[in-house]
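See structure below.
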Amino acid sequence: MPNNTSVRVALSLIYLVLLCAVPRGQGGWDAVCALPAGTEVRIQNPANQSVQGRIDTVDDVGIVIIRNNKQTSVPRDSIRSITQLGADTMGKQAAIGAVAGVVGGLVQGYTLAEGNKGIFAASLAAGWAGIGALIGAIHGATQRQETLVYEAP
């Protein structure tokens, strides 16, 4: 049975890896104006209703997006937030899962093995890396990278 210190270290490392993977950011209306045409965004109004589409134009009065091949104009004063939508995060999440699996496998291998710790730890690290990568890929396939670009004052 692994000792508590090893388990705590492993869990702390996994937590730190996952914490670093969360992208966040926000700016003023200038950040929205800097987004190029064609950028996919989700716009949320004060009633928490949202529309999603690709940017056509942005000016000081509002934003025009294309959704379902039609232009939709959204006035700036009816916008609570704008989130830029990126690609799915499957590759990134798979890499994070693999790293977490390697760390967990190494810690587990070195704490459980009584002899020849190196081979046992490497085997567990490889196995847990594969499992972690699979879990990360499944999770990442359902997630999109989202960046908060604008939040109304």
TODO: Give the range 105-145 a look and list any residue that's under 30 Å from A31 (Cβ atoms) and either in a helix (DSSP H, G or I) or modelled with pLDDT of 85 or more (or both), or say none.
DONE: G136, H139, G140, A141
Open item on the list: Residue pairs, Cβ under 7 Å, 6 or more apart or interchain, first in the range 95-115 and farther than 18 Å from L134 by Cβ, second modelled with pLDDT of 85 or more. List them.
Closed with: L106/A125; G109/A125
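From the residues in the range 66-119 that are closer than 30 Å to A47 by Cβ and among the basic types (K, R), which one is nearest to the chain's Cα centre (by Cα)? Steps first, answer last, please.
To start, the set of residues in the range 66-119 that are closer than 30 Å to A47 by Cβ comprises 66-89.
Now narrow it down to the ones that are among the basic types (K, R): 67, 70, 76, 80.
On the way: R67: 24, K70: 30, R76: 27, R80: 22 Å.
Restricting to residues being closer than 30 Å to A47 by Cβ and among the basic types (K, R), the top hit is R80.
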Open item on the list: Any residue at all in the range 82-91 that's part of a helix (DSSP H, G or I), in contact (Cβ under 8 Å) with a residue 12 or more places away in the chain and farther than 30 Å from P153 by Cβ?
Closed with: yes
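The values are calculated or read from the model by the stated rules, or taken from the named source; none is laboratory data. No experiment lies behind these values; they were computed from the predicted model shown. Here Cβ is always computed from backbone atoms with ideal geometry, including for glycine, and neighbour counts include all displayed protein chains.
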